[in-house]
Amino acid sequence: MKKFVLILLLSIYSFGATAFPVEVSKCATCHNLADTENQPGKAPLMRDIVNSVKANYNSSRDQKTFLYDFLVEPSKCENVKRVLCEEHSTKKYGLMKDIQLTPMESLIIVNFLIDNF
Ligand code: HEC
């Protein structure tokens, strides 16, 4: 049931504007949201992350589900099919800590990143 509600929300919730929602600014302390600048040492660029997720999952629903599962429990690598961390992220940056988002915050972030990046 929980999964069904999530998928329903994922499919109806979308943004018209491209300004960053305030929830997404929570990612910016570690991930650079801009295209050009780099922030070495903290975390991968958000653009690289989103590109990698899109390269690994065909439908936007699968892309969103992956990101959502990751945000709910970033430390549980094994439970989520990690597409980035195995290859470069965790070695270079260490594990992402759980940043304590509410399900609605995660949903807003996931929709924004997949639809607008
Ligand atoms: C406290 C710093 C920090 C914050 C805040 C943060 N991240 Fe991360 N994130 C990291 C680090 C470090 C990595 C690289 C290690 C890893 O992959 O787990 C990472 C990796 C990731 C990955 C790659 C997962 C994979 O497959 O390897 C995703 C997706 C991600 N972050 C999304 C987000 C989103 C979305 C936000 C905002 C809600 C966010 N992060 C906020 C530090 C952070």
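Throughout, read-outs are computed from the coordinates displayed, never taken from laboratory work. As the structure is a prediction and not an experimental result, all values here were calculated from the model. Note that we place each Cβ from the backbone using ideal geometry, even for glycine, and neighbour counts take in every protein chain shown.
If R0 is taken as 22 Å, the Cβ-Cβ distance between residue 28 and residue 59 corresponds to a FRET efficiency of 0.20. With neighbours defined as other Cβ atoms within 10 Å of a residue's Cβ, the residues 22, 110 order from fewest to most as 22, 110. Under a 5 Å amide H cut-off, with hydrogens placed 1.01 Å from N, residue 99 pairs with nothing among residues at least 5 apart or on other chains.
Residues 70, 117 in ascending order of nearby Cβ atoms (within 10 Å, fewest first): 117, 70. Order by neighbour count: 95, 101, fewest other Cβ atoms within 10 Å first, most last. If I rank by nearby Cβ atoms, fewest first, I get 95, 101. Near the amide H of residue 32, within less than 5 Å, lie the amide hydrogens of 46, all on another chain or at least 5 residues away, with H placed in the peptide plane.
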